[in-house]
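Notes follow once the structure below has been shown.
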Amino acid sequence: MTTTLTRRVLLASALSLGLAGAAAAQFPERAVTLVIPFAAGGSTDVVGRIVAERMSQELGQQVVVQNVGGAGGSLGAQQVAKADADGYTILMGTVATHALNPLILKQKPYDPVADFAPVSLLVLVPNVLAVNPELPVNTVQELIDLAKTDPLAYASSGNGTPLHLSGELFKSMAGVDITHIPYKGSGPALTDVLGNQVPIIFDNLPSASSHISSGKLRALGVTTTERAPSFPDVPAIAETLPGYETYSWNALFAPAGTPPEAIEALAAAAKAAMADPAVAGRMAEFSATIVASTPEELAAHVTAEMEKWAPVVKDANVSLD
């Protein structure tokens, strides 16, 4: 009897120690670094900081933001691709890092599929087609008609950016030739469009929204298939060009080989963060649509984005060193 009791006590102790060890090894045990592959202040940085703060509460560990800008997001993405695959270094990826750069850059610093483990697609952010009010057009169709008879130009935040390629997709689908004028960022591009040096711009809706509201820009259409809740009177370009759709997006990625339990914990924390009414309110301020996808849905999204943009990049003959 004594021997049996002793065995039971030892077994219970062993089980207790095993469970305690498993609990101690649960992810995360320390701070997580969220790499933002762009400079501070942009929409990706704003989204990242909001999400990082709320995910810190969910994970019980600090999510620390690190801005690693340069090369259109490639430097930050490359840093995460080469980081330890333990879940403690993750990336705020975008359409630039995971669809456009891999198609445009002659030197491929990373593979957007093989080098990353998808975590969650967080938000979609509309772009907008806008014009200086002095341009005599009020609709997308009027712009298309004018472009077929008069030489026009559009501004973007730079060669190979999502906004540049939004313009190229528009030209292709509308059957028009509008000259692209690249700038080093949305700020300088907006300045010249507001001053009517260039009459047309493709920009992120959050960046252009104040100028649209003040009447300094005339919004002709948003680039998502649905109208933006913050500007319900602005049509979707797809209402004139069926099938037209572009947008910026933000998603979380970890290095390939990150343990499934870490991916699950990060995805669950991201989903909870995006479900927070305070976070949803902040996202609504710049017309971001919350997705909070599963890892599998994000993987499918990246594949679809690369397939969509590959012919646009080829037709526009865009490449960067």
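Summary table below
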read-out	value
One residue from Val313, Val291 being among the hydrophobic types (A, V, I, L, M, F, W, C) and at pLDDT below 95	Val313
Residue list for the range 68-82, filter: open to solvent by 10 Å² or more (accessible area, probe 1.4 Å) and under 15 Å from the mean Cα position of the chain (by Cα)	Gly69, Gly72
Matching residues, the range 83-116, being small (Gly, Ala, Ser) and open to solvent by 30 Å² or more (accessible area, probe 1.4 Å)	Ala85, Ala114
Qualifying residue in the range 135-155 (condition: touching a Pro at 6+ places or on another chain (Cβ under 7 Å), small (Gly, Ala, Ser) and buried (at least 24 other Cβ atoms within 10 Å of the Cβ))	no
Condition check for Ser43: of a type in the set (Ser, Thr, Tyr), surrounded by 17 or more Cβ atoms within 10 Å (Cβ to Cβ) and modelled with pLDDT of 95 or more	no
Matching residues in the range 175-187 - criterion: being at pLDDT 90 or above and open to solvent by 10 Å² or more (accessible area, probe 1.4 Å)	Gly175, Val176, Asp177, Thr179, His180, Ile181, Pro182
Helices (runs of 4 or more DSSP H) completely within the range 87-178 that count 3 or more residues being assigned by TED's automatic domain parsing to the domain that holds Gln61	101-104
Inter-residue pairs, beta-carbon under 7 Å, first under 13 Å from Arg54 (Cα atoms) and in the range 276-287, second small (Gly, Ala, Ser) and at pLDDT 90 or above, 6+ apart	Val279/Ala273
Some residue of the range 103-111 being farther than 20 Å from Ala299 by Cα, out of contact with any Leu (no Cβ under 9 Å at 6 or more places or on another chain) and among the aliphatic types (A, V, I, L, M)	no
Residue ID - farthest from Pro206 (Cα to Cα), chosen from residues in the range 145-167 that are modelled with pLDDT of 95 or more and in contact with a helix residue (DSSP H, G or I) (Cβ under 6 Å, 6 or more places away or on another chain)	Tyr154
Only listed residue being out of contact with any Ser or Thr (no Cβ under 7 Å at 6 or more places or on another chain), free of Cβ contacts under 8 Å to residues at least 60 places away in the same chain, under 21 Å from Gly160 (Cβ atoms) and of a type outside the set (Gly, Ala, Ser), chosen from Pro311, Pro232	Pro311
Answer from Val302, Val318 - the residue that is in a helix (DSSP H, G or I), in contact with a helix residue (DSSP H, G or I) (Cβ under 9 Å, 6 or more places away or on another chain) and over 16 Å from Pro126 (Cα atoms)	Val302
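The values are calculated or read from the model by the stated rules, or taken from the named source; none is laboratory data. Predicted, not measured: the structure shown is a model, and the values here were computed from it. Positions of Cβ are backbone-derived with ideal geometry, glycine not excepted, and every protein chain shown enters the neighbour counts. Calculation scope for accessible area: heavy atoms of the full protein, side chains included, ligands and nucleic acids excluded. Shrake-Rupley method; radii C 1.70, N 1.55, O 1.52, S 1.80 Å.
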